[in-house]
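*Asks:* The structure that follows is given in the form of structure tokens.
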Amino acid sequence: MFRFIQILGIFFAFTFLFSAYTKWISPGHFEITLMDQNLADTRIFAAYLTRFIIGLELALGLSLLLPFYRRMLLRIAMLMIVMFTLHLLYMVSLGDTENGGCFGELIALSPLESVAKNLILLLMAAILYKKSRFQKRAPKTVMILSFFFLVIPWVQLPIQDYDSFVFNDYSHFEKVGRVDLTAGDKLLGIFNLDCEHCQEAASKLANWEREKKKKIPLYALYFKQGSKTVAEFEGQTQSTFPYAFIDDKTFFELIGSSPPRIYYLKKGEVQAYWDKEFIKNIQNSGIELK
């Protein structure tokens, strides 16, 4: 029984560490999730909250591996789980089925799936709390170490100036849901659904994507001027790009003299854009394939 409790305690602690890790590698996605779930009203506040949560999960997970203040830490852990579970239940009541963000982009869980996961964690925490009888006073080094892990996300994950990003407002694309355009290398195409040049370019890009075992993520911003639908555009071009719609004012601000135009983004910053010979320019740009 003692060995079982030990293993359970390690697994419980590593759940918090793993949760922190998944948010660490894609903080922008979690920031967008917090905004969508009305936990943050601006991207900057979401960035602050994300780093606080990562630090808290890191410090809590590491502290739970040590034989100090175990019951107090378990109470904090259970309180966190209960608070997030209540919020997730609220999201379920609103009909939200997107990734709840518990494990970032690495493991996509719907709010309902996250609730089920949290109930299991609460049961584990209750068992551990019942069996954790002894309290030991933590040495100062342990307290300092916990504070270090609480602070380290703020140092290692600097907050970006999101206001400087041209495409900061686009964080949802049909087919894939939440997308963080401020992370990694991405291509963003500006297309008019009724434009023949756009249809030709989309067809060539889609064919090129199919030929690649590894491909650069390409997202589309569609402007609908006439009667052509996205389904008709995709059928004609054999393309399946994740997409969002833009209005006429934005469309004409983003293209040159005529569409289409492809933007190359690196960590949200525009590195280059092209109005022709897209595949050749992409290949010559040295973009790392995903």
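*Asks:* Could you list, ordered by first residue, the pairs with Cβ atoms under 7 Å in which the first is in the stretch 273-289 and of a type outside the set (V, I, T) and the second is open to solvent by 80 Å² or more (accessible area, probe 1.4 Å) and modelled with pLDDT under 90, at least 6 apart or interchain?
*Replies:* L289/K214; L289/K215
*Asks:* Within the group I262, I279, which residue is in a helix (DSSP H, G or I), more than 24 Å from D161 (Cβ to Cβ) and of a type outside the set (S, T, N, Q)?
*Replies:* I279
*Asks:* Which condition number does A272 fail, the rest of (1) open to solvent by less than 60 Å² (accessible area, probe 1.4 Å); (2) touching a helix residue (DSSP H, G or I) at 6+ places or on another chain (Cβ under 9 Å); (3) closer than 17 Å to E200 by Cα being met?
*Replies:* Every listed condition holds for A272 apart from (3).
*Asks:* Sticking with this one: Residue check: is V115 over 16 Å from D36 (Cα atoms), within 22 Å of the chain's Cα centre (by Cα) and either part of a helix (DSSP H, G or I) or touching a residue at least 12 places away in the same chain (Cβ under 8 Å) (or both)? Break it down into steps so the answer makes sense when it comes.
*Replies:* Details: over 16 Å from D36 (Cα atoms): yes; within 22 Å of the chain's Cα centre (by Cα): yes; either part of a helix (DSSP H, G or I) or touching a residue at least 12 places away in the same chain (Cβ under 8 Å) (or both): yes.
Taking the combined requirement at face value, the residue satisfies it.
*Asks:* Filter the stretch 234-256 down to the residues that are within 15 Å of F223 (Cβ to Cβ) and open to solvent by 20 Å² or more (accessible area, probe 1.4 Å) and list them by number.
*Replies:* Y243, F245, D247, D248, K249, T250, F252, E253, G256
*Asks:* Here's a follow-up. Of all residues being among the charged types (D, E, K, R) and modelled with pLDDT of 90 or more in the stretch 186-222, which is least open to solvent (accessible area, probe 1.4 Å)? Just the residue, please.
*Replies:* Pass one, the stretch 186-222, residues among the charged types (D, E, K, R): 186, 194, 196, 200, 204, 209-215.
Filter once more, keeping what is modelled with pLDDT of 90 or more: 186, 194, 196, 200, 204.
On the way: K186: 25, D194: 59, E196: 143, E200: 93, K204: 115 Å².
Top of the filtered list is K186.
*Asks:* Cβ-Cβ below 7 Å, separation at least six or inter-chain, first residue in the stretch 256-272 and under 25 Å from P27 (Cα atoms), second of a type in the set (K, R) and assigned to a strand (DSSP E or B): which pairs?
*Replies:* Between residues of the stretch 256-272 that are under 25 Å from P27 (Cα atoms) and residues that are of a type in the set (K, R) and assigned to a strand (DSSP E or B), the close pairs are L265/K186.
*Asks:* When the residues of the stretch 223-233 are filtered to those that are out of contact with any strand residue (DSSP E or B) (no Cβ under 7 Å at 6 or more places or on another chain) and among the charged types (D, E, K, R), which remaining residue is least open to solvent (accessible area, probe 1.4 Å)? Quick ask: steps written out before the conclusion?
*Replies:* Step one: of the stretch 223-233, the residues out of contact with any strand residue (DSSP E or B) (no Cβ under 7 Å at 6 or more places or on another chain) are 226-229, 231-233.
Among the residues that remain, those that are also among the charged types (D, E, K, R) are: 228, 232.
Values: K228: 41, E232: 96 Å².
Ranking the candidates gives K228 first.
*Asks:* Looking only at the stretch 230-243, count every residue that is over 16 Å from E196 (Cβ atoms) and either part of a loop (DSSP other than H, G, I, E, B) or not aromatic (F, W, Y) (or both) and tell me the total. Walk me through how you get there before you give the answer.
*Replies:* Here is the first cut: in the stretch 230-243, the residues over 16 Å from E196 (Cβ atoms) are 230-231, 240-243.
Next, from what is left, pick out any that are either part of a loop (DSSP other than H, G, I, E, B) or not aromatic (F, W, Y) (or both): 230-231, 240-242.
Count: 5.
*Asks:* Another question, then. Cβ-Cβ under 9 Å, sequence separation 6+ or interchain: first residue in the stretch 142-157 and within 12 Å of L62 (Cα to Cα), partner assigned to a helix (DSSP H, G or I) and polar (S, T, N, Q). Which pairs?
*Replies:* Note: pairs meeting the criteria are V142/S63; L145/S63; S146/S63; F149/S63.
*Asks:* Turning to a different aspect of this structure: Considering only helices (runs of 4 or more DSSP H) fully contained in the stretch 6-103, which possess at least 1 residues that are without any contact (Cβ under 8 Å) to a residue 24 or more places away in the chain and open to solvent by less than 30 Å² (accessible area, probe 1.4 Å)?
*Replies:* Details: elements: 27-36, 43-64, 70-93.
Correct list: 43-64, 70-93.
The values are calculated or read from the model by the stated rules, or taken from the named source; none is laboratory data. Owing to the predicted nature of the structure, the values given are computational and were not obtained by experimental measurement. Don't worry about glycine lacking a Cβ; one is built from the backbone with ideal geometry, like all the others, and counts go over all protein chains shown. Note: accessible area is taken over every heavy atom of the protein model, side chains too, but ligands, DNA and RNA are not part of it. Shrake-Rupley method; radii C 1.70, N 1.55, O 1.52, S 1.80 Å.
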